[in-house]
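The values are calculated or read from the model by the stated rules, or taken from the named source; none is laboratory data. Treat the numbers as computed from the prediction; the structure is a model and nothing was measured. Here Cβ is always computed from backbone atoms with ideal geometry, including for glycine, and neighbour counts include all displayed protein chains.
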Amino acid sequence: MQKSLEDRNGSLRIAREGFSYILAPALMSIILLAVGYWYAAIPFVLLTAFMTYFFRDPKRDPPNDPNVIVAPADGRVTRVIQLAPGSEDSSTLISIFLSPLDVHINRSPIAGKITDVSYTKGKFLMATDEKASLVNEQNALTIEGSRITIVCKQIAGILARRIICWKHEGEVVALGERFGLIKFSSRTDVIVPESVEILVAPGMRVKGGATVIGRLK
């Protein structure tokens, strides 16, 4: 189900989960302005603008290439590590940190079928903390494509308190398709098999659903 409000051109979207965060300060702004307290309304006007910006859901056009893996989120790549170096099946973990200014919509790195959705309660460490992927609240999706299977994790950060996933086990997703969001600063991890050539490095900025982070060898 589409979870965003979009304009006629399909380019401007606001995630529905952000409506209450936008409407509450907007209503306070209107009330204060109506009674003449314009100076008191300024913080609420600014908060309304920030919430509208935060819950934006821009249109993205994924590459027309079945052999690529795209970023599952906007943000900065903080880690690219092998999980079991030297083993026969060494997967690679790519971590993307989302600041409060980044788009927080999550998108599928590959086209395929969701074979598992696993939510785990946990702590709320800084999203950049290496332990976050192990102990923080998170939601992991396993997506089985035609050639590879990947795991994509939505990980809550110190400000994030709610992970939202719109998809369920058994559903099919397209490359770059929206599958959820995380409220406020957070992190998204993607685990890819050894058969993927990694095309990003720590420090790089990526766009969810658009930036190619890996390619099938």
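Tally time: how many residues in the range 102-117 are within 16 Å of the chain's Cα centre (by Cα) and either free of Cβ contacts under 8 Å to residues at least 60 places away in the same chain or closer than 13 Å to Arg187 by Cβ (or both)? Residues flagged as within 16 Å of the chain's Cα centre (by Cα) and either free of Cβ contacts under 8 Å to residues at least 60 places away in the same chain or closer than 13 Å to Arg187 by Cβ (or both) within the range 102-117 amount to 4. Residues that are over 30 Å from Leu47 (Cα atoms) and small (Gly, Ala, Ser) within the range 177-217 comprise Ser195, Ala201, Gly214, listed in sequence order. Say whether the condition of being assigned by TED's automatic domain parsing to the domain that holds Lys183 and without any contact (Cβ under 8 Å) to a residue 24 or more places away in the chain is met by at least one residue in the range 73-82. The answer is yes; a qualifying residue exists. Taken as a whole, the structure places Ser99 among residues that are touching a residue at least 40 places away in the same chain (Cβ under 8 Å) and small (Gly, Ala, Ser).
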